[in-house]
1. Any chance you could check the Cα centroid distance between region 284-305 and region 140-162 for me, in angstrom?
2. Within 10 Å of each residue's Cβ, count the other Cβ atoms and sort Val69, Val91, Val369, Val3 from fewest upward.
3. Kindly flag which residue pairs out of Lys139/Lys327; Lys58/Lys327; Lys100/Lys202; Lys55/Lys100; Lys6/Lys163; Lys71/Lys340 have an alpha-carbon separation exceeding 31 Å in this structure.
4. Expressed in whole Å with the largest first, what are the equivalent ellipsoid semi-axes of region 244-361 derived from the C-alpha gyration tensor as the square root of 5 times each eigenvalue?
5. Kirkwood Rh over alpha-carbon pairs of region 207-312, then Stokes-Einstein at 25 °C and 0.890 mPa s: what D in µm² s⁻¹, rounded to an integer?
6. Calculated from DSSP H runs of 4 or more alone, at -39500 (n - 2.57) each and per residue, what is the 222 nm mean residue ellipticity of the chain, nearest 500?
7. Report the label-to-label distance for Asp105 and His316 in nanometres (one decimal), using points 7 Å from each Cα along the Cα→Cβ vector.
8. Report the equivalent ellipsoid semi-axes for the chain in whole Å, largest first, defined as the square roots of five times the eigenvalues of the gyration tensor built from alpha carbon atoms.
Amino acid sequence: MRVHLKTLGCRLNEAELESWSRDFQQRGIQPDGNPEHADLLVINTCAVTEEAVRKSRKLLRRAQRSNPVAKLIISGCYASLNPEQAADLGVDLLIPNTEKERLVDIVVEELQLPTMPAAAMQADAYSLLGNNRQRAFIKVQDGCRYRCSYCIVTLARGEERSKALPEIIHEIQQHQQQGIQEVVLAGVHLGGYGSDSNSSLKILVEEVLEHTDMPRIRLGSLEPWDLPGDFWQLFENPRLMPHLHLPMQSGANSVLRRMSRRCRTEEFLSLLESARRQVADFNITTDIIVGFPGETEEEWQQTLDFVAQAAFGHVHIFAFSPRSGTKAASLDNPVPREVKRQRSEQLHQLAEKTRETIIQQQLGKIVPVLVEGGNSLSENGRRLWSGYTPNYLRVQFPSEQPLENRIVAVTLEQSGNNILLASVVENQEKPAILATETDLMKGE
């Protein structure tokens, strides 16, 4: 049998799709990139915005048209929030978010599918590298206890649920055996890991560092208020990459209160100062929502001042879009579309300046880069490879050597279009050896 898997939305949805693909293969059901060849169509839907709902419905209809005889299975936030609507689209099986971890088992049982015994399958039958992916997303947590006024995802995902530590360790070890050199620990409320199991995110990171040899470990998006004061000590281990994405959403405390956010700007700036003081070259990125209902010119200027002071490495900018079912959708004083467009442009220009400042600070340093691709050519016809520095700045450099999925030392030489341009350090005895990373990250 063959299964076609498709997802919309967040990185967590992608991590779930990777897990399902692996689990289907272990049962003898082969993933197929062409929906027309599949016996099963599995769609992981999204509902973060009204546009995401529209895209989810469109994707379901397109899947049915491409292969009307295949069984259609859906999960995700749209399926969980709107099961009746989804059922009207001819779905054969709907699996809510609360049952996502068992999706493959449920599909096999409910549809009575013939499968190959697990013992007959190779343990490494599924590999991200075979699908041109060098970084694995590990879902460690689901659900959220908070109710930000603009967010529907917490309602769709349900209560907080943490994956057991042994399962996480085993999954990381499996990826490493297949050649993966970088994993990202991800969750809906990652900082809430362990809230249901007498554990914590700090304990999780410590256990992953102690019980795996994965060369590079990253953390997914984290709420700023979830980080304890001693959290930065974890980054003394060079395998934990010095970058965090901390979504702030606004730089005006009055707007943050209307958003039901639990962090204030002065607290956030103090957090940044601690991180940068204790961890060399620490990079922090964020999300900002432009044009939240009632956002005044004064509040907007406060946000611009905050972003300039924080000096983010990157800012994900979202123009506010009301999502039915959230408190924010019914707030008064909506910001006109043209005002949101102008403010978004202002913020884009500012964010580019702060990013360029951080890039300039990196020039001349030697850093390890995990090479993720080399599909383009330089002006002189040499192959251009790309990847990310430990602090998550994109790097591009030429080399005639086959470097994909290797950790190589490069010298950061100049900036270009908000990325770093580099050259490979010559005479590297072991370009992919982890032992050199400590020195490299110190710029030695």
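FYI, it's all coordinate maths here, none of it is from the lab. This is a predicted model, so every value here is computed, not measured. Cβ placement follows ideal geometry from the backbone for every residue including glycine, while neighbour counts extend to all protein chains displayed.
1. A separation of 24 Å, based on Cα centres.
2. So the ranking, lowest neighbour count to highest, is Val69, Val91, Val3, Val369.
3. The pairs that break the limit, which is 31 Å between Cα atoms, are Lys71/Lys340.
4. 26, 16, 11
5. Numbers: Rh = 14.9 Å.
This corresponds to a translational diffusion coefficient of 164 µm²/s.
6. -10000 deg cm²/dmol
7. Using points 7 Å along Cα→Cβ, the separation is 3.1 nm.
8. Each semi-axis is the square root of five times an eigenvalue, giving 34, 31, 21 Å.
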